[in-house]
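Quick notes on the structure that follows.
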Amino acid sequence: MFNPQSTTQRAAESEPPTEGFAQIVTRLASEPGIQQGTGFSADPGLRADGKLFAMLRDSELVLRLAATHADQLVRSRRAARFYPLGHARLAQWVAVPASQAEIWLQTTEDALAYARGAG
C-alpha cells in the first residue's frame with residue numbers, strides 16, 4: 001500500500017535519535033547564548049543563556065514550551081507529558097518521540113524562542 005509520508009519524514013524516522021539531536025545542536029550552535037551541555041542528568045541538553053530548553057532522553061526529545069503549545073502537542077498525540085525519573089510531571093515539559101522526528105527542529109526552535117522570552 002502507498003505510504004503518503006514525504007521522503008524527508010521517512011528519512012527522519014529512520015535516523016537514530018542521537019543523530020537527529022546532533023543535527024539540531026549543529027543548527028542552533030551559532031545562535032547567540034546557546035550552550036551545549038547536559039539536561040537534568042547526563043542527558044545531552046541545550047541551554048539558552050543558562051536556561052535548559054531541550055534535551056535528549058533515551059529516544060525522545062524533551063522540550064520546555066509555552067503551556068498552550070505543550071498542551072496542543074499532547075492533545076494531537078505528537079508528544080507526551082514529561083515525568084522525570086518518576087517524579088510529578090513538569091507542566092511545560094513534553095517528550096516528543098523519535099517517531100515524530102520531523103517536528104523536532106521546529107519544536108526545538110519554538111522552545112528556544114520560549115526560553116528567551118520566558119521569565
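The values are calculated or read from the model by the stated rules, or taken from the named source; none is laboratory data. These numbers come from a predicted model, not from an experiment. Counting neighbours? That spans all protein chains shown, and the Cβs are built from the backbone with ideal geometry, glycine included.
Listed by first and then second residue, the pairs linking a residue in region 5-34 that is modelled with pLDDT of 50 or more and among the small types (Gly, Ala, Ser) to a residue that is in a helix (DSSP H, G or I) and surrounded by 12 or more Cβ atoms within 10 Å (Cβ to Cβ), with Cβ atoms under 7 Å apart and 6 or more places separating them unless they lie on different chains, are GLY20/ALA12; GLY20/ALA101; GLY20/TRP104. Answer yes or no: is there a residue in region 36-50 that is modelled with pLDDT of 95 or more and in contact with a Lys or Arg (Cβ under 7 Å, 6 or more places away or on another chain). Looking for residues that are modelled with pLDDT of 95 or more and in contact with a Lys or Arg (Cβ under 7 Å, 6 or more places away or on another chain), one finds at least one in region 36-50, hence yes.
Checked against the criterion of being surrounded by 15 or more Cβ atoms within 10 Å (Cβ to Cβ), part of a helix (DSSP H, G or I) and on the phi < 0 side of the Ramachandran plot, region 79-99 has at least one qualifying residue. Whenever a residue of region 52-77 is in contact (Cβ under 8 Å) with a residue 12 or more places away in the chain and closer than 15 Å to THR108 by Cα, its partners that are among the charged types (D, E, K, R) and assigned to a loop (DSSP other than H, G, I, E, B), lying with C-beta atoms within less than 8 angstrom and at least six residues away or across chains, give the pairs MET55/ASP43; LEU56/ASP43; ARG57/ASP43; VAL62/ASP43.
ILE24 meets all of the listed conditions (1) more than 18 Å from LEU90 (Cα to Cα); (2) surrounded by fewer than 16 Cβ atoms within 10 Å (Cβ to Cβ) but one, namely (2).
Does PHE40 count as aromatic (Phe, Trp, Tyr) and part of a strand (DSSP E or B)? Steps first, please.
Numbers: aromatic (Phe, Trp, Tyr): yes; part of a strand (DSSP E or B): no.
No; evaluated as a whole, the condition is false for this residue.
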